[in-house]
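**Student:** Could you have a look at this structure, given as structure tokens, before my questions?
The values are calculated or read from the model by the stated rules, or taken from the named source; none is laboratory data. Computed from a predicted model, the values in this text were never measured in an experiment. All Cβ positions, even for glycine, are placed from backbone atoms using ideal geometry, and neighbour counts span all protein chains on display.
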Amino acid sequence: MKRLFLFFLLFCLFPKIVFSQDKTTDQYYSEFVTNYRVYQGLIEPFDTQKSRYLAYQSVSSQADFLDASKRLIAAEIEAIASYTSFIRTYLAEATRIINYRENYLYVVLDEELDYLAVAKKKALSLSSLSESQSLLKELSSHFQKISQAGYQIKAIVELGSANKTLENIKVETDKLEVVLSEIKEEQAQIFAAKEKFFNLKKELEASENLLQQADRALKNTPQGGNFPPVSAQVKQLINQSLDKFNLIITGYKNIIFSLR
């Protein structure tokens, strides 16, 4: 059951949304943190009742263990549900900026939310330890699907944000290229500025190629595939691209300053 800790770690790794905040997202964030803490608080009582049950094997200890199991499983489901709602809302918010158009992730997450609502009712009505084990096994496969979606959404948002930055730099590149093409003076400083601009355009092409590699990595991973390593690969490629963006922006500022 402590696998939920992995969700918490993934949750913390989500990039901060740099566009306008939506109250719904803040609400889900707060709900997840609250529900996760409730879940954490129930682990120790669960472990205590489990130890008593294993030690005594009595009807009373079994009943207490079942009750503790029901509470812990219900709390885990509640935390997973709030996490699922968060990543769905997070993607919806990001879509306004990154123009994400696919709908299948929304469908997947909606189906999982429906399942979790039913699963919570099952958890609260468990009548045996064997039923609790069966529900946990069932929950594990759904947990895996939601976790994969979380990594996928994280990568989609990060790549979409990087592509938006690329688009903005391209616009500024075109503007600067026009300015440089209109300068006819044959001076060493002008030649140097044009040469620097030419080299920075190569860096821009290289950064775009990195983002295209990241996009292919995402698209070539089938739905239901293993997204944690893909998300890590996408993040690495994006970071390399962002380093080049910083180099390009600094270079453009230097060129503009030299032309004053």
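**Student:** Tell me, please, whether a residue that is closer than 26 Å to residue 82 by Cβ and among the basic types (Lys, Arg) can be found in the range 51-59.
**Tutor:** Scanning the range 51-59, I find no residue that is closer than 26 Å to residue 82 by Cβ and among the basic types (Lys, Arg), so the answer is no.
**Student:** Also, quick follow-up: Given 141, 132, which one is within 22 Å of residue 41 (Cα to Cα), of a type in the set (Ser, Thr, Tyr) and part of a helix (DSSP H, G or I)?
**Tutor:** Result: 132 is the single residue among 141, 132 that is within 22 Å of residue 41 (Cα to Cα), of a type in the set (Ser, Thr, Tyr) and part of a helix (DSSP H, G or I).
**Student:** Only one of these conditions is not met by residue 88: (1) of a type in the set (D, E, K, R); (2) closer than 11 Å to residue 146 by Cβ; (3) surrounded by fewer than 19 Cβ atoms within 10 Å (Cβ to Cβ). Which number is it?
**Tutor:** (3)
**Student:** Hey, another quick one. Only one of (1) without any contact (Cβ under 8 Å) to a residue 24 or more places away in the chain; (2) basic (Lys, Arg); (3) assigned to a helix (DSSP H, G or I) fails for residue 260. Which number is that?
**Tutor:** Among (1) without any contact (Cβ under 8 Å) to a residue 24 or more places away in the chain; (2) basic (Lys, Arg); (3) assigned to a helix (DSSP H, G or I), the lone unmet condition for residue 260 is (3).
**Student:** Taking residue 244 as meeting all but one of (1) outside any helix (DSSP H, G or I); (2) touching a Ser or Thr at 6+ places or on another chain (Cβ under 6 Å); (3) not aromatic (Phe, Trp, Tyr), write down the number of the exception.
**Tutor:** Checking residue 244 against (1) outside any helix (DSSP H, G or I); (2) touching a Ser or Thr at 6+ places or on another chain (Cβ under 6 Å); (3) not aromatic (Phe, Trp, Tyr), the one that fails is (1).
**Student:** Search the range 183-194 for residues being assigned to a helix (DSSP H, G or I) and of a type in the set (A, V, I, L, M, F, W, C), and hand back the single one that is surrounded by the fewest Cβ atoms within 10 Å (Cβ to Cβ).
**Tutor:** Among those residues, the one meeting the criterion is 188.
**Student:** Continuing with this model, one more query. From the list 238, 146, pick out the single residue that is at pLDDT 95 or above, within 23 Å of residue 99 (Cβ to Cβ) and part of a helix (DSSP H, G or I).
**Tutor:** When all the criteria are applied, what remains is 238.
**Student:** Quick check on the range 163-182. Is at least one of its residues assigned by TED's automatic domain parsing to the domain that holds residue 202 and not in a helix (DSSP H, G or I)?
**Tutor:** Looking for residues that are assigned by TED's automatic domain parsing to the domain that holds residue 202 and not in a helix (DSSP H, G or I), one finds at least one in the range 163-182, hence yes.
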